[in-house]
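The values are calculated or read from the model by the stated rules, or taken from the named source; none is laboratory data. If you're wondering where the values come from, they're calculated on a predicted model, not measured in any experiment. Quick reminder, even Gly has a Cβ in these numbers, built from the backbone with ideal geometry, and neighbours come from all protein chains shown. Just so you know, the surface numbers come from the protein's heavy atoms only, side chains and all, with ligands and any DNA or RNA stripped out. Shrake-Rupley method; radii C 1.70, N 1.55, O 1.52, S 1.80 Å.
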Amino acid sequence: AGGMLRAVAGLLLAVLAGWRGTEAAESPAGSRFVCTSLPLEAAGAGCPLPPVPMRGGGLPPEEELRATVLQLRETVLQQKETIGSQREAIRELTGKLGRCEGADGKSAAGTWKKEAGKGKDTMGDLPRDPALVIEQLSRTMQALKDRLESLEHQLRANVSYAPLPHDLREMLQRRLGELERQLLTKVAELEDEKSLLHNETSAHRQKTETALNALLERVSELEKGSSAFKSPDEFKVSLPLRTNYLYGKLKKSLPELYAFTICLWLRSSASPGIGTPFSYAVPGQANEIVLIEWGNNPIELLINDKVAQLPLFVSDGKWHHICITWTTRDGMWEAFQDGEKLGTGENLAPWHPIKPGGVLILGQEQDTVGGRFDATQAFVGELSQFNIWDRVLKAEDISNIANCSANMPGNIIPWVDNNVDVFGGATKWPVETCEERLLDL
């Protein structure tokens with residue numbers, strides 16, 4: 001409709017221009033007019049068309065609709081102004097056309113055709129009644145108005161049913177960002193509280209362990225001060241817990257040995273395994289001499305880190321007398337329990353002399369000389385009459401000691417009170433082992 005309106009207006013202007021161009025040639029006496037038609041292309045050069053809105057740009061649909069509505073409104077206003085300005089031209093043309101037709105229909109028509117022969121005759125295509133032109137322009141204006149109302153209604157519908165306006169999306173994103181920052185802040189606070197609680201718990205546990213160790217040492221000192229043994233060799237060392245800080249230590253060390261006999265009384269019901277009744281470590285070899293029952297393994301004798309399994313069974317909670325002999329010649333060994341030989345063997349660290357100057361520990365296995373105890377290998381129970389000789393005792397002597405018919409202190413390490421210190425809560429008690437053994441039967 002807008003294109004047709006522009007065509008009609010252009011044509012009218014062309015006619016008006018042609019009319020005015022030939023008006024000077026009229027005869028003043030006859031008042032005649034020469035009506036010459038002009039091509040539509042020539043008239044269109046002086047009539048700029050309204051800009052057509054571009055489509056397919058990068059604007060959103062809502063913005064594009066708004067721009068189209070504004071363009072249509074401007075077009076309507078321009079068309080109204082054009083209609084007003086062209087009504088006067090229409091009136092003038094109507095009068096002149098009437099004068100042309102009234103002078104001489106045939107002569108005017110012939111002159112019209114002759115003058116128009118030079119170009120395209122477009123006058124025959126125009127409506128002769130100006131009222132029809134005005135009516136056509138009115139219909140065009142009404143059609144444009146209907147299209148404008150339809151576009152406004154469509155724009156309102158699109159905006160009303162849009163999923164989320166841009167401003168609302170930005171507000172929700174800001175709100176979600178604030179909630180996320182608050183959550184992260186709360187998590188960081190909880191982590192700090194957890195770390196602080198862990199540190200306080202560790203400090204409290206360390207303080208508690210320190211106080212407990214101090215109390216155990218004080219109790220041990222009091223018990224040691226109140227002990228009144230019947231004789232220097234009638235006492236036992238008690239190791240009631242499987243820890244890495246309860247142990248006894250012999251003040252005297254060993255000389256270089258080429259043979260030995262080690263005997264002791266022990267009572268234990270710990271499981272699995274009674275642990276380590278004693279261990280001897282020297283610089284460069286933590287397992288110089290070790291007696292251990294660890295986990296579900298049998299009792300083992302280690303010499304220079306070489307191992308022999310002993311057929312001994314002592315974890316029934318009763319007192320048992322244990323003796324072990326060894327000589328460097330062919331690495332021969334013997335194992336006695338309660339005066340009876342239960343096993344022998346050879347090739348246990350043969351031709352290896354026992355090194356001197358080490359540390360003897362009761363109740364713990366040493367990973368370094370005098371330290372690095374492992375609680376899982378600790379002895380749990382009671383020990384007494386730990387003696388060491390620098391020779392292999394006869395089976396008869398060992399039987400007499402086990403039957404309490406002979407008293408033979410070790411010539412290298414005797415069991416005397418002033419040669420044994422206890423640590424970490426281990427205690428010494430006065431006891432006659434043979435008498436307690438009778439109570440076990």
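Listed values, structure above:
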item	result
So residue 398, is it at pLDDT 90 or above and either of a type in the set (D, E, K, R) or not in a strand (DSSP E or B) (or both)	yes
Selected residue [in contact with a Pro (Cβ under 7 Å, 6 or more places away or on another chain), at pLDDT below 95, open to solvent by 30 Å² or more (accessible area, probe 1.4 Å) and in the same structural domain as residue 252 (by the TED database)] from 367, 330, 316, 338	330
Residue under evaluation residue 349, criteria (1) closer than 20 Å to residue 249 by Cβ; (2) part of a loop (DSSP other than H, G, I, E, B); (3) open to solvent by less than 20 Å² (accessible area, probe 1.4 Å), criterion not met	(1)
Filter pass, residue 284 being open to solvent by less than 10 Å² (accessible area, probe 1.4 Å) and in the same structural domain as residue 371 (by the TED database)	no
When residues of region 236-258 are limited to those that are part of a loop (DSSP other than H, G, I, E, B) and aliphatic (A, V, I, L, M), the one most open to solvent (accessible area, probe 1.4 Å)	241
Output for region 284-303, where each listed residue is assigned to a loop (DSSP other than H, G, I, E, B) and under 48 Å from the mean Cα position of the chain (by Cα)	284, 294, 295, 296, 297, 298
